[in-house]
Structures are given as C-alpha cells and as structure tokens.
C-alpha cells in the first residue's frame, strides 16, 4: 500500500516533497522550493504525519532512497535527498537546472 501511494505521487515531470509540517528540514526544503516559479500541478507537498501508514511510508522511503527521514524530495522519479540536499543544490546553482530539465518551471 505504501509503495503504491508513493509511486502514484512521483512522476517524471513533477517535484514531490513528503513532509511532516513541524520538521525544520521539511520547512527548509519548502522555503527553498518556494523561490521557483512552478507550472501549476508540478509541485506537490504531501504531509505524511496524519496518515495511518506513516511508518510503512517511511520504511518504503528507506528501501527506495536509503533514508527513512523526511523530507524526501523527488525531482521527477529521482530522490535528491532531504532539506540540506535541496539547500545545497540551490546554493551551488544546480537545482534550477534540475527543475528545468523535467519541465516543472514556468
């Protein structure tokens, strides 16, 4: 079930953040991504904190990405990591190119 949910969310032309709203790294990732102009429907934030299958989702993140923590940030179908990773990619100028390469930006 968790695997189906995650796979249904991630697509090649979309950025998806799996978050918990009180997590400081999740807030950082959302703040960094808010600096970019996304096409409608190409950025989705999924709050897993109230889901009954939250533990299963995080177990699947571990299997899929090597980490169980949130945020798990997917650009297209590739997980680029968490909040610190998004910040580093933004600082070194690589994030915008990654977002453009999947056609997510206006």
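Each reported figure results from applying straightforward, stated rules to the coordinates on display, with no laboratory input. Note that the structure is a prediction, hence the values are computed from the model and not measured. In this analysis, Cβ positions are derived from the backbone assuming ideal geometry, glycine residues included, and neighbour counts consider all displayed protein chains.
If the condition is being closer than 18 Å to residue 90 by Cα and in a helix (DSSP H, G or I), then the range 17-68 contributes 24, 25, 26, 27, 28, 29, 30, 31, 32, 33. Are any of the residues in the range 56-63 in contact with a helix residue (DSSP H, G or I) (Cβ under 9 Å, 6 or more places away or on another chain), more than 23 Å from residue 99 (Cα to Cα) and without any contact (Cβ under 8 Å) to a residue 24 or more places away in the chain? Taking every residue of the range 56-63 in turn, at least one turns out to be in contact with a helix residue (DSSP H, G or I) (Cβ under 9 Å, 6 or more places away or on another chain), more than 23 Å from residue 99 (Cα to Cα) and without any contact (Cβ under 8 Å) to a residue 24 or more places away in the chain. For the range 69-80, the set of residues classified as outside any loop (DSSP other than H, G, I, E, B), crowded, with 19+ Cβ neighbours inside 10 Å and either free of Cβ contacts under 8 Å to residues at least 60 places away in the same chain or on the phi > 0 side of the Ramachandran plot (or both) consists of 72, 73, 79, 80, listed by residue number.
Taken together, the criteria place residue 2 among residues that are more than 25 Å from residue 91 (Cβ to Cβ), crowded, with 16+ Cβ neighbours inside 10 Å and in contact with a helix residue (DSSP H, G or I) (Cβ under 6 Å, 6 or more places away or on another chain). So is residue 16 under 15 Å from residue 86 (Cβ atoms) and crowded, with 18+ Cβ neighbours inside 10 Å or not? Yes, satisfied. Of everything in the range 22-53 that is surrounded by fewer than 13 Cβ atoms within 10 Å (Cβ to Cβ) and within 19 Å of residue 81 (Cβ to Cβ), the residue that is nearest to the chain's Cα centre (by Cα) is 34.
Looking only at residues of the range 81-104 that are surrounded by fewer than 16 Cβ atoms within 10 Å (Cβ to Cβ) and in contact (Cβ under 8 Å) with a residue 60 or more places away in the chain, we find that the one that is farthest from residue 44 (Cα to Cα) is 96.
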